[in-house]
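Taking it in order: structure first as structure tokens, then the write-up.
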Amino acid sequence: MCIFCKIVNNELPSYKVYEDDEFLAILDIAQTTDGHTLVFPKKHIVDIFEIDDETLSKLITLTKKLSDKVVTKMNATGLNLLNNTNESAGQSVHHIHFHIIPRYDESDEVTISFNRKSKFDLEEILNKING
Ligand code: AMP
Ligand code: ZN
């Protein structure tokens with residue numbers, strides 16, 4: 001059983017930000033910034049490719065609601081909303097979840113940088129996606 005399923009079953013402790021019949025939100029054990037929260041369905045669903053549209057809609061709506069709450073209550077100024085899918089993207093717990101990472105200022109020690117490659121062929125890339 002995965003870590004999040006154990007948390008859902010109360011076999012592992014957690015700090016619950018929100019709970020209903022279908023979803024749970026807990027404080028991330030690593031707290032990238034204060035208030036770092038994970039939102040996930042109670043049902044074991046591996047990732048974005050596996051989740052059905054209805055559950056995903058509810059999950060993202062709840063994530064929006066909790067983002068607003070966490071940012072407001074923590075006096076943050078912004079947030080990064082993040083979903084990692086598969087190991088190549090950094091997914092370590094294979095039970096779908098969104099990270100709510102409140103942001104405060106430039107000294108909050110989070111760096112998310114998008115490298116600017118100098119060489120690429122947009123035409124070729126578009127053909128791969130749409131061709
Ligand atoms: P990801 O790397 O996107 O799969 O995110 C998994 C997250 O789960 C990481 O940020 C971990 O810090 C967090 N995590 C792992 N174990 C626990 C736990 N027992 N309670 C709360 N968060 C956890
Ligand atoms: Zn699970």
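Every number in this text was worked out from the coordinates using simple rules, so none of it is lab data. From a predicted model like this one, the values you see are computed outputs, not experimental measurements. Here Cβ is always computed from backbone atoms with ideal geometry, including for glycine, and neighbour counts include all displayed protein chains.
Summary of values
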{"read-out": "Contour minus Cα-Cα distance for residue 80 and residue 52 (0.36 nm per residue)", "value": "7.7 nm"}
{"read-out": "Alpha-carbon gyration tensor eigenvalues x 5, square-rooted, for the chain, Å", "value": "28, 21, 14"}
{"read-out": "Most mobile of 83, 115, 75 in a GNM of the chain (Cα contacts under 10 Å)", "value": "115"}
{"read-out": "Cβ-placed point charges (K, R +1; D, E -1), dipole of the chain about Cα centre in debye, nearest 20", "value": "160 debye"}
{"read-out": "Sites residue 15 and residue 119, calculated FRET efficiency, Cβ-Cβ separation with R0 41 Å, nearest 0.05", "value": "0.35"}
{"read-out": "Tilt relative to the chain, helix 53-73 - C-alpha long axis, 0 to 90 degrees, to 10", "value": "70 degrees"}
